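To keep things clear, I will list the structure first and then write my remarks on it.
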Amino acid sequence: MRKNIVAGNWKMNTTVPEGVKLAKEVNEALKDATVKCDVVIAVPFTHLTAIDAVIDQNKLGLGAENCADKKSGAFTGEVSAAMVASTGAKYVILGHSERRQYYGETAETLREKVLLALENGLKVIFCVGEVLEQRENGTYLNVVKEQIEKSLFNLSEADFGQIVLAYEPVWAIGTGKTATDDQAQEMHAFIRKTIAEKYGEVVADDTTILYGGSCKPSNAPALFAKPDVDGGLIGGASLDAASFMGIVTAF
């Protein structure tokens, strides 16, 4: 049975001391909360080891926001999947729209990243989603299907079982706009159907699909009530422990 997950994506925010403080606050809040989902925070590379030392990963999973598409070598400034795993992190976000948009990450690049992440025992939160133009011209379903097929459908059924999908309507990230509950459900159901066509109904039913587009405590309950929305990938609201916990407890 698929898991419900709420994952925070801190992006390029907080210094190491600030990040440690925030992680401690979330970790402490989880001790006293009744939680019906797995909780993860994906943090900058610089923070991983320090945060691993102060949280209980039985309650609060730790992840990186990216990893390299190469194993090792002369790639100045890159951080490999093996390096991420060595910090104690268990998750990695790949394919975020900001990585695609600002850093030119392609489906082929992401396919390599996914393989290396899985090889190093990391669970992958893989992001897909359309921009406003694609939403308005009606190609949004095909865009997302192609993103999944080109980067993930080379995987074995067992490896695909280590993938969490995150649907990001790119037009709703950081804009204050949010896909309606029905828009989110339509896309999540379509993603599950796409997976079923490749791997079968059982695998599709077991795949966690998160919503990632300006999710906050006020709209999380309605989004999470939809049958194919299994949680959220949370940006800005994950930088405040109280707001993040408001989403965590929306289940």
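The trypsin sites (Lys or Arg not before Pro) of region 24-121 that DSSP puts in a loop, and whose beta carbon has at most 13 other beta carbons within 10 Å, are 36, 71. Using a simple spin-label model with pseudo-atoms 7 Å out from Cα toward Cβ, residue 3 and residue 240 lie 2.8 nm apart. Couplings 3J(HN,Hα) for region 210-218, derived from phi with the Karplus relation 6.51 cos²θ - 1.76 cosθ + 1.60 (θ = phi - 60°), are 9, 9, x, x, 6, 7, 9, x, 6 Hz, where x marks Gly and Pro. Whole-Hz Karplus values for region 102-107 come out as 8, 10, x, 5, 9, 4 Hz, taken residue by residue from phi with 6.51 cos²θ - 1.76 cosθ + 1.60 and θ = phi - 60°; glycine and proline positions read x. Among the lysines, which fall within straight-line cross-link reach of residue 31, defined as a Cα-Cα distance under 21 Å, with same-chain neighbours fewer than 8 residues apart omitted? Within the straight-line limit of under 21 Å, residue 31 reaches these lysines: 3, 21, 59, 90. If you wrap the chain's Cα atoms in a convex hull and average its projection over all directions, what's the area in nm²? Mean shadow area of the hull around the Cα atoms is 12.4 nm². Phi angles of region 220-234 translate, via the Karplus equation with coefficients 6.51, -1.76, 1.60 and θ = phi - 60°, into HN-Hα couplings of 4, x, 5, 5, 6, 6, 5, x, 10, 9, 9, x, x, 9, 9 Hz per residue; Gly and Pro are given as x. Along the axis of the charge dipole computed for region 1-93 (Cβ charges of +1 for Lys and Arg, -1 for Asp and Glu, origin at the Cα centre), the listed residues 66, 16, 5 are led at the positive end by 5.
Computed on the chain, with alpha-carbon pairs under 8 angstrom and 6+ residues apart, the relative contact order is 22 percent.
Determine, from the Cβ-Cβ distance of residue 137 and residue 225 and an R0 of 22 Å, the FRET efficiency 1/(1 + (r/R0)^6), rounded to the nearest 0.05.
FRET efficiency, residue 137 to residue 225: 0.15.
Rule-based calculations on the coordinates, nothing more; no lab input. What you are looking at is a predicted structure, and each value in this text was computed from that prediction instead of being measured. Please note: Cβ atoms are built from the backbone with ideal geometry, for glycine as well, and neighbour counts cover all protein chains shown.
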